[in-house]
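A.B. asks: Handing you a structure now.
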């Protein structure tokens, strides 16, 4: 009988633990895919199997189960949501005045740090790591904590809960102020400018090029979705780009970027 665990947030799919041998030592990750399930495993640690109905972590003991969940649990959640027809993108989302601001970009673009700083300034965290959007354009509330690199320079709120994760690089999870699910109001693409100078924070059109960028950031489902993938929801779009390395980056750290974004968006939130 699988053991269910980690249901802290009702929107996060239930993980189950099943005692099973870990994949044998191999230079490649263990991968299996069929019409009914997809499985990803790490040699000598464990595996996670995703179906349309469940996520099962398979490992020799509960400690390795938690380790494997920390390392590839987000991938499993992304595949589970995608299989339900949600639009799943990498990034973070915050909310204010019942409106969601979705922060997107390449991996390690700083979306989580920016979301955390905003959550400490009167906004609320809706999601981190994965942005889950339904076919009505509602961003699902799936997180009350952000995951940051352990050496992040972000100042934590005194007394905040901090958990060290067992991942390939040192990472921590920090609880913060949350926000309920909300309709998309804005998309913010975060990146780095190729030129020195000031922060770029400009409106961009939600045209075919922007929609292509949004589509490129979507997790592609490995299981056939149970319904059509949620369409791209309308909203205002913004480009936020800090200068390249080599200049004084102090004015472009996450707290300063959060302050700039607040000033720009507060009067434009719908």
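A.B. asks: If only one of 85, 91, 95 is under 18 Å from the mean Cα position of the chain (by Cα), in a loop (DSSP other than H, G, I, E, B) and touching a residue at least 60 places away in the same chain (Cβ under 8 Å), which one is it?
C.D. replies: The conditions single out 85.
A.B. asks: Also: So which strands (runs of 3 or more DSSP E) are wholly in region 140-230 and hold at least 2 residues that are farther than 23 Å from residue 263 by Cα and at pLDDT below 80?
C.D. replies: Result: 162-165.
A.B. asks: Take the conditions crowded, with 19+ Cβ neighbours inside 10 Å and under 30 Å from residue 262 (Cβ atoms) and apply them to residue 95. Does it pass? Outline the logic, then answer.
C.D. replies: On the way: crowded, with 19+ Cβ neighbours inside 10 Å: yes; under 30 Å from residue 262 (Cβ atoms): yes.
Judged against the criteria, residue 95 is a match.
A.B. asks: Restricting attention to region 10-37, and to residues there that are in contact with a strand residue (DSSP E or B) (Cβ under 9 Å, 6 or more places away or on another chain) and closer than 14 Å to residue 74 by Cα, which single residue is modelled with the highest pLDDT?
C.D. replies: The selected residue is 15.
A.B. asks: Might you let me know whether region 242-250 holds any residue that is within 25 Å of residue 132 (Cα to Cα), in contact with a helix residue (DSSP H, G or I) (Cβ under 9 Å, 6 or more places away or on another chain) and not assigned by TED's automatic domain parsing to the domain that holds residue 75?
C.D. replies: No.
A.B. asks: Hey, another quick one. Find the residue count for region 39-70, including only residues that are surrounded by fewer than 16 Cβ atoms within 10 Å (Cβ to Cβ) and without any contact (Cβ under 8 Å) to a residue 24 or more places away in the chain.
C.D. replies: Selection size over region 39-70: 4.
A.B. asks: Among the residues of region 96-114, which ones are modelled with pLDDT under 95 and under 24 Å from residue 161 (Cβ atoms)?
C.D. replies: 96, 108, 110, 111, 112, 113, 114
A.B. asks: Suppose we filter region 231-270 for residues that are part of a loop (DSSP other than H, G, I, E, B) and modelled with pLDDT of 90 or more; how many remain?
C.D. replies: Adding up the residues that qualify gives 5.
The values are calculated or read from the model by the stated rules, or taken from the named source; none is laboratory data. Bear in mind the structure is a predicted one, so any value in this text is a computation, not a measurement. When we count neighbours, we look across all protein chains shown, and the Cβ atoms used for this are built from the backbone with ideal geometry, even at glycine.
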